[in-house]
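The values are calculated or read from the model by the stated rules, or taken from the named source; none is laboratory data. Here the structure is a predicted model, which means the values were calculated and not measured. Positions of Cβ are backbone-derived with ideal geometry, glycine not excepted, and every protein chain shown enters the neighbour counts. For the accessible areas, the whole protein counts, side chains as well, though only heavy atoms, and no ligand, DNA or RNA atoms are used. Shrake-Rupley method; radii C 1.70, N 1.55, O 1.52, S 1.80 Å.
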Amino acid sequence: MSEYSWPSENGRCQPAGAAAAWPATVRSLPVGTSITREVIGRQPFGVFLSVDGQPEAVGLARVDWMPRCMELPPVGQLVTGEVVWHAKHNQQVGIVLREWAEHEDLLPRFVERVGQTVTGRVTKIAPIGLFVRIADCVEGLVPLTEPVADMAKSVREGQTISVRVVAVDLERTRVVLAADSVA
């Protein structure tokens, strides 16, 4: 099975009677309903979920609600979430997965830490610089400059280093760091 699939590729098809059953689907799954369902398909835009008791409907958890450091759950996994919308035109029930909704975005906390030194783990060494994880789901870039190029030769992925927070761009979800020292 490929990384992405449609529900029909996993033995699940939306029956022809979906439109006729739609009012019952909406009544049984009003907005705010907590559900636990199986992932039946994955696409770059989100995951499709089964809707027990409503085989004509498909749940959709969209990737734009997923924290940037998380991954889509695999086909077959049970997930828990909450119904947040209904789309009559394609008989889909919109769902926000609980682990996504409960995940705190720590990036805004780093706006207040510009100029401060923090420690982090080097996650990748690339031609443009060092990527350093400074918190859960917060990774910054130490751009490649002359001093960093020398330091990069002695640093390895997984190593802890001290970095200074130079800038935080919340809109583009980017953190610029400056190398401080190797820990």
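Some observations on this one:
- Residue within region 45-63 that is assigned to a strand (DSSP E or B), open to solvent by less than 60 Å² (accessible area, probe 1.4 Å), in contact with a helix residue (DSSP H, G or I) (Cβ under 9 Å, 6 or more places away or on another chain) and not aliphatic (A, V, I, L, M) present: yes
- Beta carbons closer than 7 Å, at least 6 apart along the sequence or on distinct chains, pair a first residue in region 32-48 that is without any contact (Cβ under 8 Å) to a residue 24 or more places away in the chain with a second that is surrounded by 13 or more Cβ atoms within 10 Å (Cβ to Cβ) and not in a strand (DSSP E or B) for PHE45/VAL63.
- Of all residues making up region 29-44, the number that are among the β-branched types (Val, Ile, Thr) and open to solvent by less than 30 Å² (accessible area, probe 1.4 Å): 3
- Inter-residue pairs, beta-carbon under 7 Å, first closer than 13 Å to VAL165 by Cβ and in region 119-137, second hydrophobic (A, V, I, L, M, F, W, C) and open to solvent by 20 Å² or more (accessible area, probe 1.4 Å), 6+ apart: THR119/ALA183; GLY120/ILE134; ALA135/LEU106
- Region 115-139, residues that are outside any loop (DSSP other than H, G, I, E, B) and under 15 Å from MET70 (Cβ atoms): ARG133, ALA135, VAL138, GLU139
- Pairs where the first residue, in region 5-19, is at positive phi and the second is modelled with pLDDT of 70 or more, C-beta under 9 Å, 6+ apart: GLY11/ILE40
- Only one entry in ARG68, ARG62 is under 15 Å from ALA101 (Cβ atoms), in contact (Cβ under 8 Å) with a residue 40 or more places away in the chain and of a type in the set (D, E, K, R), namely ARG68.
- Within region 90-143, the set of residues being in contact with a Pro (Cβ under 7 Å, 6 or more places away or on another chain), under 21 Å from GLY158 (Cα atoms) and open to solvent by 70 Å² or more (accessible area, probe 1.4 Å) comprises ILE128 only.
- Test: residue in region 155-178 that is modelled with pLDDT under 90, hydroxyl-bearing (Ser, Thr, Tyr) and exposed (fewer than 11 other Cβ atoms within 10 Å of the Cβ): no
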